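The values are calculated or read from the model by the stated rules, or taken from the named source; none is laboratory data. A quick note: this is a predicted structure, and the numbers were derived from the prediction, not measured. Neighbour counts run over all protein chains shown; Cβ positions are idealised from the backbone, glycine included. Protein only, heavy atoms only, side chains kept; ligands, DNA and RNA dropped before computing areas. Shrake-Rupley method; radii C 1.70, N 1.55, O 1.52, S 1.80 Å.
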Amino acid sequence: MNKEKVIFAFFIVLALTLNFGFFLGEIDNPEHHNVFEFFAAIVVSLICTALKFGDRTHLGALMMATSLVADLQLVVAALIWGYAEQVSGVGMTPSNMSSVVSLSGGALLANIISVILLMVETIMVRR
């Protein structure tokens, strides 16, 4: 059993579940989405990306790319959230919340693809 893959698998599944927990609920209702869960998803997603930096395989490069896509979407969503809450003075509007949840949904899809690629890599190694 490869210890690196086990650690990456743990963090990518954790990122997936945190992101899924944030994503669930009405898209424009801020009360349905926990900001702490959102920022935990960002941190765990960044850890996943850092864990893939040394992988030189083709599937490792794909998993790195999906992690980068998830990171980009989550960071942009965090910027929108921060701007809405701190700069605009209006607070989180349904439109802003929809954008944040939509971007986290894209990151969720990227995390799902990473998990699928990890399963494919695991199956290929066994053969």
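Tabulated data for the structure shown
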{"read-out": "Residue in segment 38-53 that is among the β-branched types (V, I, T), over 19 Å from S102 (Cβ atoms), modelled with pLDDT of 90 or more and open to solvent by 40 Å² or more (accessible area, probe 1.4 Å) present", "value": "yes"}
{"read-out": "Check on V35, among the β-branched types (V, I, T), more than 18 Å from I113 (Cβ to Cβ) and out of contact with any strand residue (DSSP E or B) (no Cβ under 9 Å at 6 or more places or on another chain)", "value": "yes"}
{"read-out": "S88 closer than 25 Å to I123 by Cβ and not acidic (D, E)", "value": "no"}
{"read-out": "Index of the failed condition, I27 passing every other in (1) in contact (Cβ under 8 Å) with a residue 24 or more places away in the chain; (2) hydrophobic (A, V, I, L, M, F, W, C); (3) open to solvent by 40 Å² or more (accessible area, probe 1.4 Å); (4) not in a loop (DSSP other than H, G, I, E, B)", "value": "(4)"}
{"read-out": "Test: residue in segment 78-85 that is farther than 18 Å from L108 by Cα, at pLDDT 85 or above and among the charged types (D, E, K, R)", "value": "yes"}
